[in-house]
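Novice: Before we start, here is the structure in question, set down as structure tokens.
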Amino acid sequence: MSTRSAGVPPAGPAASRRRTPGAEDGARPSGVDAGGPRVSDWMVITQDLVNRFAEVTGDQQWIHTDPERGATIAHGFLTLSLFSKLLRQTARLEDVRMAVNYGLDRVRFIAPVMVGSRIRGRFERASSEERADGTKTVWHVTIESDASEKLCCVADWIVLYVR
């Protein structure tokens, strides 16, 4: 499990010691509650990206990797793995030492993500729970594509922001 992949920029040992005033007293990380829905930039889903994901996961099914047989689609798990990247585009979180993927609820793949299409994520904070070790936030995530009228993916993504 990567501690960086849940929407926090890379941080080295020195960065983990830096705190914005208020972090030590249990204050919620700034940026978790800021504003309404956060919408990422568009991202092109390339065949190269899909092929590299297929190589890493061992899922070489032709529907993903063989454009000579017809249009190819991204893996559903590739779409999920892009949540972190897309969320990081929407805001920089302060007062956070690391973010940990805590889990997913109610994941649905509604429409395929076609190779060559563009996707973007919409992140709405559904809830936040203060804990001794940080803030557990549930993001309601929707992934849309410029190639589909239907959403591609919806999920509730749970992230623990550790102070």
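Rule-based calculations on the coordinates, nothing more; no lab input. Because the structure is predicted, anything quoted here is derived from the model rather than measured. With ideal geometry, Cβ positions are generated from the backbone for all residues, glycine too; neighbour counts draw on all protein chains shown.
Novice: Taking 30 Å as R0, compute the FRET efficiency from the Cβ-Cβ separation of Q89 and E129 and round it to 0.05.
Specialist: About 0.75, to the nearest 0.05.
Novice: Find out how many positive minus negative residues lie around M43, taking Lys and Arg as positive, Asp and Glu as negative, among other residues whose Cβ is under 10 Å from that of M43.
Specialist: Result for the neighbourhood of M43: +2.
Novice: Right, another one. Can you tell me how the stretch 35-129 classifies by the Cα gyration tensor, rounded, prolate or oblate, using a/c under 1.5 as the rounded cut?
Specialist: Because a/c hits 1.5 or more and a/b exceeds b/c, the stretch 35-129 counts as prolate.
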